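Scroll down for the structure; my scribbles are underneath it.
The values are calculated or read from the model by the stated rules, or taken from the named source; none is laboratory data. Since we're looking at a predicted model, the values are computed, not measured. Backbone-built Cβ (ideal geometry, glycine too); neighbour counts: all protein chains shown. Note: accessible area is taken over every heavy atom of the protein model, side chains too, but ligands, DNA and RNA are not part of it. Shrake-Rupley method; radii C 1.70, N 1.55, O 1.52, S 1.80 Å.
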Amino acid sequence: MRKNASPRQVARAIGVSESTLKRWCDGGLIPMTKTAGGHRRIEIEAIVQFLRETGRRVVEPELLGLPVSVGKTEWTLDRAKDRIVSSLVSGEESVVRQIVFDLLLADHSVTAIFDDVLASAMHLIGDQWSCGDVAVYQERRACEICMRCLHELRAVTSVTNEAPTAIGGTVESDIYTLPITMSEIVLRNVGWQATLLGTNLPFDTLAEAIEKNSPKLFWLSVSYFMDEKAFVTGVNRLFDVTHARGAALAIGGQAITENLRRQIQYSAFCESFRDLERFARSLNPAPGSPTPPPTV
Ligand code: B12
């Protein structure tokens, strides 16, 4: 994915005249930067936000570094999920990228894309793996394709330096990358300076990260752990460290059972990324967004 483009490229990509686009930029509807040489540049992230808010269609997406087939198909979340399952299993990465950006540009929320499409798709692939219809390499390739898509989505969700900070990771022996990466993007999308520490991290270093960085929010994704007793002790220690700094601990993940929830302390248990978004907004209400431009 490219980082920015010229007004001429953006105008062609969204099917308007260059003078109209420059008027929108000068009117503050689309943030714009200038190079040292005084040339106007527009961040792809700003165009994606503008298209989502205005519902305008992209006509030449490749000029923005997006898949050439983006913006030509209307998707329901269910139909998108089914198409993504078959594309992930067969390794058709460009189809997965196209659908994810179609949904994003059609202004589906990031949490809907994660909870209702990508996570559900991976659940179905897990079921197909467990009954032998999908091979291990297909499941792993699907994870890699999803991760590359997530990195592109992360590239179009930047945050300001004033934003409150959040750090997160997974505990020792938990090597699942998708849920923790999705959590980071969900938090960045609602205005948090969220940084993913990584997977498979001992409790000692997670506690040290909280002590050294004093985030306002610490999040844990738990898909797997080796020893329940050590896990419970570890999470309660992290809760004490965050609580002592007036920060919050949000936790989620399919390995957190009802029985486990009764043994661990946390500020919020999140069944889904929608839950995480709601909790993150309650800690840091988002400022009002700008009004959309008149149709031309
Ligand atoms: C991909 C995958 C792997 C990959 C992961 C690779 C990677 N790069 O991440 C690898 C190879 C690591 C793997 C390993 C194993 N796996 Co596996 N894996 C899966 C699979 C197919 C998808 C997982 C995934 O990413 N899902 C997508 C995420 C986004 O969904 P999610 O985790 O459910 O998250 C949702 C909620 O829990 C919540 N959430 C989750 N985390 C968080 C965090 C926060 C902060 C918040 C707010 C919310 C939240 O929101 C999400 C959206 O709704 C699942 C199938 C499934 N049902 O998920 C099996 C599955 C989880 N694996 C399973 C098993 C058994 C294993 C192994 C033990 C197999 C083995 N014997 O080796 C090992 C464990 C190894 C280890 N140490 O971790 C079983 C678990 C059964 C059980 N309940 O215990 C499953 C269910 C497969 C199956 N159908 O049997 N696996």
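Some points to look at:
- For the range 228-234, the Karplus equation 6.51 cos²θ - 1.76 cosθ + 1.60, evaluated at θ = phi - 60°, returns couplings of 4, 4, 5, 5, 4, 4, x Hz by residue, with Gly and Pro reported as x.
- For the range 4-58, the Cα gyration tensor yields ellipsoid semi-axes of 17, 11, 10 Å (square root of five times each eigenvalue, largest first, whole Å).
- Database remark: amide H of Ala248 closer than 5 angstrom to the amide H of Leu217, Phe218 (H placed geometrically; neighbours at sequence offset of 5 or more, or on other chains; Pro and chain starts carry no H).
- The range 186-277 - Rg and Dmax from Cα coordinates, angstrom: 12.5, 35
- Local electrostatic count, Ser17, Cβ distance below 13 Å [Lys/Arg +1, Asp/Glu -1]: +3
- Computed FRET value (nearest 0.05) for Ser94 with Arg261, which takes r as the C-beta separation and R₀ as 35 Å: 0.30
- Reach of Lys3 by Cα under 26 Å, taken over lysines that are not fewer than 8 positions away in the same chain: Lys22, Lys34, Lys72
- Volume per residue that the Cα convex hull of the range 12-118 spans, once the total is divided by residue count, Å³: 108
- The trypsin sites (Lys or Arg not before Pro) of the range 211-276 that DSSP puts in a loop, and whose beta carbon has at most 11 other beta carbons within 10 Å, are Arg262.
- Column: log10 I(q)/I(0), Debye, Cα scatterers of the range 77-155, q = 0.23 Å⁻¹: -1.04
- The simple Förster model, with R0 at 35 Å and r as the Cβ-Cβ distance, assigns Arg281 and Asn236 a FRET efficiency of 0.85.
- Taking all protein chains into account, the per residue accessible area for the range 77-155 stands at 42 Å² (1.4 Å probe).
- Among Thr257, Thr165, Thr76, residue whose mean-square fluctuation peaks in a GNM of the chain (springs only between Cα atoms under 10 Å): Thr257
- The alpha-carbon of Lys229 sits under 17 angstrom from the alpha-carbon of none of the lysines, leaving out residues fewer than 8 places away in its chain.
- Filtered GluC sites (Glu not before Pro), the range 147-234: DSSP coil and at most 10 other beta carbons within 10 Å: Glu162
- Averaged per residue, the range 175-294 has 50 square angstrom of accessible surface, using a 1.4 angstrom probe with ligands and nucleic acids left out.
- Accessible surface of the chain, 1.4 Å probe, proportion on carbon and sulfur as whole %: 51
- Extension gain (nm, one decimal) between Ala135 and Asn161, 0.36 nm per residue minus Cα-Cα: 5.0 nm
- Length gained when the stretch Glu208-Lys3 is fully extended (0.36 nm per residue, less Cα-Cα span): 70.4 nm
- Here the translational diffusion coefficient of the chain follows from Stokes-Einstein with Rh set to the Kirkwood radius across Cα pairs; for 25 °C and 0.890 mPa s it amounts to 119 µm²/s.
- 3J(HN,Hα) from dihedral phi, the range 43-55, Karplus parametrisation 6.51/-1.76/1.60, rounded to Hz, x for glycine, proline: 5, 4, 4, 5, 5, 4, 4, 4, 5, 5, 6, 9, x
- The range 121-160 residues near the modelled Ile175 label - backbone nitrogen below 19 Å, point 7 Å along Cα→Cβ: 126, 129-130, 135-148
- In whole angstrom, the range 142-213 maps to an equivalent ellipsoid with semi-axes of 20, 19, 6, each derived as √(5λ) from the alpha carbon gyration tensor and ordered largest first.
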